[in-house]
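Worksheet: the structure to be examined is printed underneath.
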Amino acid sequence: TYALEIEGLTKTYGDGFEALKGIDLRVEQGDFFALLGPNGAGKSTTLGIVSSLVNKSAGKVKVFGHDIDTDLAAAKLGLGVVPQEFNFNQFEKVFDIVTTQAGYYGLPLRRARLSTERYLKELGLWDKRDTPARMLSGGMKRRLMIARALVHEPGLLILDEPTAGVDIELRRSMWAFLEEMNRQGTTIILTTHYLEEAEALCRNIAIIDHGSILQNTSKRDLLKQL
Ligand code: ADP
Ligand code: ADP
């Protein structure tokens, strides 16, 4: 089974704009995969559909073999998503934001707390656990988004432009964190418009533009062509 399998995915928005024109993607378990493309290519739309925040027009999406149309709860259990925008409650405390999320996945309270502690520590936010999210710096908010996405320990972590607007130091530490998660077995997919980021981290890269996949290849083969 693939961590993520997308077949013939199309999206036409309400205004008639065709953002995805039938894309196919297969991401193996354990992979570190980049969806690389310029702004407006359809990356966020793709992730929005996978995380079922956006309705697709046609096509199939499976997360660890679970079809999001027929088996959404199981698909969601396998998936952690880090969108670009900070969509947590800014007035809630850091610890509570992460534990509450664990509750949505049905984790028992004790496990939810332990998992929250683990990821806040790993992401350098443990000292901020009682701080309301609005008091955090931008970089801390981004790390909070990652901790929240991981709290139910999904097999697949998807990040939308994880280091956009992040300073070089935090970018390096986020890269190191993601590499370590991947080493421990988590499949990771990120979107980026930086070739440099895809090159630094990923084993396989799909290039998307104007709603179509132009290429889907190993990093090594891609770099040979440039
Ligand atoms: P759907 O087809 O999924 O229902 P809609 O076309 O109704 O999507 O749009 C969903 C939301 O996205 C609306 O609030 C709309 O204002 C906003 N939106 C519209 N056009 C754009 C755009 N080009 N980029 C980003 N958001 C947009
Ligand atoms: P990317 O993440 O690669 O920058 P997006 O998936 O956000 O691309 O957007 C793909 C295209 O779809 C863009 O042209 C964008 O303007 C358009 N788009 C995104 N959301 C909406 C929406 N809700 N309604 C209409 N068009 C949209």
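The values are calculated or read from the model by the stated rules, or taken from the named source; none is laboratory data. Being a predicted model, the structure only gives us computed values, none of them experimental. In this analysis, Cβ positions are derived from the backbone assuming ideal geometry, glycine residues included, and neighbour counts consider all displayed protein chains.
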Sort through ALA147, ALA102, ALA112, ALA176 and tell me the only one that's in a helix (DSSP H, G or I) and within 18 Å of PHE86 (Cβ to Cβ). ALA147
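If the requirement is being closer than 28 Å to LEU4 by Cβ, more than 18 Å from the chain's Cα centre (by Cα) and not charged (D, E, K, R), which of these qualifies: SER115, SER137? Can you show your working first?
Numbers: SER137 fails: closer than 28 Å to LEU4 by Cβ.
Going through SER115, SER137 in turn, the sole match is SER115.
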Give just the number: which of (1) over 18 Å from the mean Cα position of the chain (by Cα); (2) within 12 Å of ligand 1 (Cβ to nearest atom); (3) at pLDDT 95 or above does ASN55 not satisfy? (1)
Could you please tell me which pairs satisfy a Cβ distance under 8 Å, a separation of 6+ or placement on different chains, a first residue in the stretch 42-58 that is in contact (Cβ under 8 Å) with a residue 60 or more places away in the chain and over 19 Å from LEU156 (Cα atoms), and a second residue that is among the hydrophobic types (A, V, I, L, M, F, W, C) and surrounded by fewer than 22 Cβ atoms within 10 Å (Cβ to Cβ)? GLY42/ALA19
Quick one: in the stretch 43-100, which of the residues that are within 16 Å of ligand 2 (Cβ to nearest atom), of a type in the set (D, E, K, R) and crowded, with 16+ Cβ neighbours inside 10 Å is nearest to PRO132 (Cα to Cα)? LYS43
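Return the residue satisfying two criteria in turn: it lies in the stretch 11-42 and is within 16 Å of ligand 1 (Cβ to nearest atom) and under 18 Å from TYR194 (Cα atoms), and of such residues it is surrounded by the most Cβ atoms within 10 Å (Cβ to Cβ).
We begin by selecting, within the stretch 11-42, every residue within 16 Å of ligand 1 (Cβ to nearest atom); these are 11-21, 37-42.
The next check asks that each one be under 18 Å from TYR194 (Cα atoms); those that pass are 37-42.
Working: GLY37: 22, PRO38: 11, ASN39: 8, GLY40: 13, ALA41: 23, GLY42: 25.
The residue in question is GLY42.
Restrict the check to the stretch 182-201 and report whether at least one residue is assigned to a helix (DSSP H, G or I), out of contact with any Phe, Trp or Tyr (no Cβ under 7 Å at 6 or more places or on another chain) and among the polar types (S, T, N, Q). Can you show your working first?
Keep residues of the stretch 182-201 that are assigned to a helix (DSSP H, G or I), which gives 182-183, 195-201.
Now restrict to residues that are out of contact with any Phe, Trp or Tyr (no Cβ under 7 Å at 6 or more places or on another chain): 183, 195-199.
If we keep only those that are among the polar types (S, T, N, Q) too, we end up with none.
Checking the stretch 182-201: not a single residue is assigned to a helix (DSSP H, G or I), out of contact with any Phe, Trp or Tyr (no Cβ under 7 Å at 6 or more places or on another chain) and among the polar types (S, T, N, Q).
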